[in-house]
Number of protein chains: 4
Amino acid sequence: MTSERIAAFSDGVIAIIITIMVLELKVPHGADLNALSGLLPIFLTYVLSFIVLGIYWNNHHHMFSLTDRITGGVLWANLHLLFWLSLMPFVTGWMGENHFAPLPTALYGAVLLFSGIAYYILEQTIIRSQGANSKLEAAVGTDRKGLASVVLYAVAVPLAFVNQLISDAIFVLVALMWLVPDRRIESLFDEMQRKERST
Amino acid sequence: MTSERIAAFSDGVIAIIITIMVLELKVPHGADLNALSGLLPIFLTYVLSFIVLGIYWNNHHHMFSLTDRITGGVLWANLHLLFWLSLMPFVTGWMGENHFAPLPTALYGAVLLFSGIAYYILEQTIIRSQGANSKLEAAVGTDRKGLASVVLYAVAVPLAFVNQLISDAIFVLVALMWLVPDRRIESLFDEMQRKERST
Amino acid sequence: MTSERIAAFSDGVIAIIITIMVLELKVPHGADLNALSGLLPIFLTYVLSFIVLGIYWNNHHHMFSLTDRITGGVLWANLHLLFWLSLMPFVTGWMGENHFAPLPTALYGAVLLFSGIAYYILEQTIIRSQGANSKLEAAVGTDRKGLASVVLYAVAVPLAFVNQLISDAIFVLVALMWLVPDRRIESLFDEMQRKERST
Amino acid sequence: MTSERIAAFSDGVIAIIITIMVLELKVPHGADLNALSGLLPIFLTYVLSFIVLGIYWNNHHHMFSLTDRITGGVLWANLHLLFWLSLMPFVTGWMGENHFAPLPTALYGAVLLFSGIAYYILEQTIIRSQGANSKLEAAVGTDRKGLASVVLYAVAVPLAFVNQLISDAIFVLVALMWLVPDRRIESLFDEMQRKERST
């Protein structure tokens, strides 16, 4: 089992998830603005989910380009990540159709949370499989950005029952954190990583 | 991240879009001609969308065969294009089910317009990433054909509210422009490109 | 554009068609044998369509393994074939849900007919693009088996309005013709091909 | 036809099956816990099916990495396996929606049974195509684990009409047998394989 094979399979699954998600955007019956405007919440959720999946695809790729050996553990940790990502179309549809109601928002956050955890587990599994001088560890350090995303999602889930707009804002914030690499944040992360290494 | 990888992922997404679009062609309940004829508008839209996606796949391929280096900008410009293309099944279903009503026709045009713009942005992002002596720039010049498509789509969107048949005609015209390379138009474009280069 | 690329894209599209077709097998509401037995016609149609698509995938592969150069004509002839194949889930669902009623059976046959014609056009387009000493022509000759399938489908379409069981039998017959290579038929075809070459 | 090609196609089909299965997890209308809890049986079935398909993908890969020559028989034995796997979304939806009722449970088991048989047939077809010194035979021996799975599924199907929980337990047991390689069972299988070889 080469890393290319597992990357290609994961690419396929992510490509399918990102694409069938559009099926949740059900064609409305009317042909007027009313019919269309009812779809706005689900469309916005779709945009967010598309970006999140794009980020995962991107990061997943970088990770596997630094991975040569695929152990059984890596294989299943990867399938575990794909499992959580595969639930994205469902939670996208549910949150969108219910106009960001508390429970669907919390569940959307939970899937993002478990996806984030699964990504972290996969990363650590690969690092452990590479032993000392792990190329991946050298590249990501303790992956503070990944951990920060997990913590933010963990906070967003209960907050959905207080005010779901806060949770939605956190989802967007995490996406922006990966999408628009803020120079200052980037250098902050770099700084932390450097310190960590020199310790 | 090699250009092959991103091209394979894009191929996958386009293959899925082009195929799940058929799910919008809902199986009718009756078994007679009446049941079938009600599907004609959606079938025609399906044919058009299939051709449009085929053209994008074709052009996308040529573009990436001239692209060696994938920067973060190129990656996201590509996902941006895939995002708009991923809406094709939805607008195909909506325009088809509503027999080319004004608003669905305008929205169909808008998705084509944004896809065209996204393609142009991707092209320019790659050209910029290649710097001077860009292989892609040498091949497409200012991509007058791409720009002409964008302009035609931009005109078709408001015209849908005047007479949607004009818009539909424009959609078909743009597709034919790419599908059936008219010798005279081709040589006109070549001429323009030559002039531009010699300047 | 290499032939591998176009073959991989076609593989992807056929893999998706063959798989989403199962979505036409709608989960019934009851949990008893009655609910299940209502699905038998669509299940049988599914089996047939699965085999037909498997045959196309198989033949398509052999064809492209003998194809080096991809011209614009080959590319569009290939998309033309994929277009007709992409309608398989729709006609499978319609024929299955209507228990092989005449019109759905005729339409199923029509899609098979146009797929067969599209395959033949693709074959001829590749052969023409290879000029004299075409490797593909050497392998398939005049492709009598392909032509026979087209003729049989053309006969099956109108016969659906006489007795749809005859049409269904023809669909099964053509599939078996490709699936179970009858020694005598094979040698008959070989014989014809040899004669043709020596002329 | 190289083994890579057939493996890539199979990967694609399995990736699509594993992903469209989520479409059976229909977005509920309400936004409360009630709406969500009704989905629990289908979610649990989804998890099980995801794991089963992950195991098949994994084993399929190992098998084809030991396969060089693809005969017509191997190709069709592989499509036969993919056919049964393609029914997974349907039986997952049916068993899940009916809260593990007897008949849907039996049908789920039947699809697992036929998938297991199809896998075994594929394995034997490849081994036969490799003749003496078959690499695959050397690796799997008589594949007692595969045969044990088939026997267990064959037992689970009729037991669904006695008490479906027993069947469900067997499905989980077989998955665990592949997922969590128990040292003792593994060494037991190894022992058996060694004995068999020395005979």
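Let me confirm one metric for peptide A:50-60, namely the mean number of other chain beta-carbon atoms within 10 Å of its residues' beta-carbons.
3
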Among C:115, C:10, B:153, whose Cα sits farthest toward the positive end of the charge dipole of the protein assembly as shown (+1 at Cβ of Lys/Arg, -1 at Cβ of Asp/Glu, about the Cα centre)?
C:10
Can you give the three extents of the C-alpha atoms in the range A:1-89 along their principal axes, from longest to shortest, in whole Å?
55, 17, 16
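Compute the relative contact order of the range A:20-93 as a whole-number percentage, counting only Cα pairs closer than 8 Å that sit 6 or more residues apart in sequence.
61
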Let me see the pair-distance distribution of the range B:71-121: every alpha carbon pair, 5 Å bin width, integer percents in order.
5, 23, 25, 17, 13, 9, 5, 2, 0
With all protein chains modelled, accessible area of residue C:103 [1.4 Å, Å²]
30
Counting only protein heavy atoms and using a 1.4 Å probe, what share of the accessible area of the range A:1-83 belongs to carbon plus sulfur, as a whole percent?
64
Whole angstrom only: what separates the Cα centroid of the range A:108-154 from the Cα centroid of the range C:95-157?
51
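Among the complete DSSP H segments of chain C, which ones combine at least 27 Å of alpha-carbon extent along their axis with a mean Kyte-Doolittle hydropathy of -1.0 or more? Don't skip to the end; give the middle numbers.
Values: long enough: C:40-65 (38 Å, 0.88); C:102-130 (42 Å, 0.81).
Span-like helices here: C:40-65, C:102-130.
Leaving ligands and nucleic acids out of the surface, order B:76, C:57 by accessible area at 1.4 Å, largest first.
Listed by decreasing accessible area, they come as B:76, C:57.
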When only alpha-carbon atoms are used, what values of Rg and Dmax, in angstrom, describe chain C?
18.1, 64
For chain B, accessible area per residue (1.4 Å probe, heavy atoms of protein chains only), Å²:
42
If the elastic network links every pair of Cα atoms under 10 Å, which of B:34, B:98, B:78 fluctuates the most in the Gaussian network model of chain B?
B:34
Taking each label point as 7 Å beyond Cα in the direction of the beta carbon, state the distances from residue C:179 to the same residue in the other copies, shortest first, in nm.
3.4, 3.4, 4.9
Measuring from a point 7 Å out along Cα→Cβ, what nm distances, shortest first, does residue A:26 have to its partners in the other copies?
0.9, 0.9, 1.3
In Å and whole numbers, how far do the C-alpha atoms of the range A:31-137 stretch along each principal axis, longest first?
60, 23, 18
Work out, step by step, the length gained on full extension between residue B:71 and residue B:163: first 0.36 nm times the residue separation, then minus their alpha carbon distance; give nm to one decimal.
28.8 nm
Let me check against my output: what whole-number percent is the relative contact order of the range B:50-157, with C-alpha pairs under 8 Å and at least 6 apart?
33
Under 10 Å, Cα contacts only: if you run a Gaussian network model on chain B, which one of B:106, B:35, B:160 comes out with the highest mean-square fluctuation?
B:35
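Tell me: how much accessible area in total is hidden between A and B, 1.4 Å probe, Å², nearest 100? Spell out each step's value before the answer.
Details: alone 10960 and 10950 Å², together 19280 Å².
It comes to approximately 2600 Å² buried between A and B.
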What are the label-to-label distances in nm, one decimal and shortest first, from residue C:162 to the same spot in the other copies, with labels 7 Å along Cα to Cβ?
5.5, 5.5, 7.7
Computed over the protein assembly as shown, Cα set: Rg, Dmax in Å
27.0, 85
Relative contact order (percent) for chain D, with alpha-carbon contacts under 8 angstrom and 6 or more residues of separation?
23
Taking a threshold of 23 Å on the Cα-Cα distance, which of the pairs B:135/B:195; D:145/D:195; C:26/D:26; C:26/D:145; A:26/B:145; A:145/D:26 fall above it?
C:26/D:145; A:26/B:145; A:145/D:26
Per the helix-only calculation at 222 nm, which mean residue ellipticity applies to chain A, given -39500 (n - 2.57) for every DSSP H run of n ≥ 4 and division by its residues, nearest 500 deg cm²/dmol?
-26000 deg cm²/dmol
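The values are calculated or read from the model by the stated rules, or taken from the named source; none is laboratory data. A quick note: this is a predicted structure, and the numbers were derived from the prediction, not measured. Note that we place each Cβ from the backbone using ideal geometry, even for glycine, and neighbour counts take in every protein chain shown. Ligands, DNA and RNA are stripped out before the accessible areas are found, and what is left, the full protein with its side chains, is counted by its heavy atoms. Shrake-Rupley method; radii C 1.70, N 1.55, O 1.52, S 1.80 Å.
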